[in-house]
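The structure under discussion appears below in the form of structure tokens.
The values are calculated or read from the model by the stated rules, or taken from the named source; none is laboratory data. As the structure is a computational prediction, the values presented were derived from the model and not from experiment. Here the Cβ positions follow ideal geometry from the backbone for every residue, glycine too, while neighbour counts run over all protein chains shown.
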Amino acid sequence: MAHPKTFCVIGTEFAQRQRTLTKITHSLLNGRDSALHVNVLYAHEVEVESLRELISRYSFGGEKIIIFKEAHMFSEKVKKYLLDEWDALAAANSLVFDIEQDPALLVKNKKYKDDRFLQHILKSSQLYKTYSYQNEIPLYKLLWPLRKNNQAEALYILEKLFLEEPNESKLGMQVLGMLIREFSRPEYRSRRQDYLTLVWEADRLIKERGLTPKLALSLLLTKIFSS
């Protein structure tokens with residue numbers, strides 16, 4: 001469960017992340033002087049001793065706001081300290097973690113999936129995922145790996161589409177509609193009925209069985225590539 005005073009901002013574009021960090025900081029300051037309360041630290045420079053000293057230092061007029069830049073680059077020693085002291089730190093301070101990474105990569109990349117500290121941040125913080133307009137994936141790009149018979153790429157693009165679209169139900173219906181149009185093309189003549197049946201099954205899983213559109217579509221793509 002996300003802690004009300006811990007935040008995590010993820011994205012590849014600096015300006016987008018910075019705007020989000022500024023909004024979070026202004027909200028936390030609530031009119032207080034930022035010079036007295038805001039501390040910005042770069043993860044690769046942080047040591048346990050200096051961090052412990054900063055946290056123990058009294059902040060006049062209220063709690064400290066600690067912004068950790070490049071939060072995926074802490075040393076193992078600092079990660080352990082933060083994990084061990086997480087509850088106490090979050091109770092006494094506002095913690096903001098800034099991560100320059102593609103949000104979809106954090107889901108797919110084994111290095112990050114196996115990072116216990118990073119996964120703890122993602123689960124225990126209020127998440128803000130930022131995207132560059134240039135990096136957004138248009139819906140139709142899901143068709144490219146479908147036509148190339150590339151299952152891994154198709155599932156990756158589906159994952160990223162759902163990360164970028166907050167209305168999961170709307171996106172699910174858009175993808176199903178696009179797939180119906182795609183499988184109506186002449187080149188799918190021999191498999192058209194099989195594929196359309198799988199699409200309709202996915203639609204029923206969403207509407208009648210209560211599966212999330214993301215899960216139903218992931219299962220659909222897997223069945224299509226396996227058929």
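With the checklist (1) within 18 Å of residue 217 (Cβ to Cβ); (2) surrounded by 14 or more Cβ atoms within 10 Å (Cβ to Cβ); (3) in contact (Cβ under 8 Å) with a residue 40 or more places away in the chain in hand, flag the one item residue 106 doesn't pass.
Failed condition: (1).
Mind checking which pairs have a first residue in the stretch 176-204 that is within 13 Å of residue 216 (Cα to Cα) and a second that is small (Gly, Ala, Ser) and outside any helix (DSSP H, G or I), Cβ under 9 Å, 6 or more apart or different chains?
198/227
Would you confirm, using the coordinates I've provided, whether residue 129 is touching a residue at least 40 places away in the same chain (Cβ under 8 Å) and assigned by TED's automatic domain parsing to the domain that holds residue 18?
yes
Before we move on, is residue 162 without any contact (Cβ under 8 Å) to a residue 60 or more places away in the chain, in contact with a helix residue (DSSP H, G or I) (Cβ under 7 Å, 6 or more places away or on another chain), aromatic (Phe, Trp, Tyr) and closer than 30 Å to residue 130 by Cβ?
Yes; evaluated as a whole, the condition is true for this residue.
If you go through the stretch 81-114, how many residues are at pLDDT below 90, out of contact with any Lys or Arg (no Cβ under 6 Å at 6 or more places or on another chain) and not in a helix (DSSP H, G or I)?
Matching residues across the stretch 81-114 total 5.
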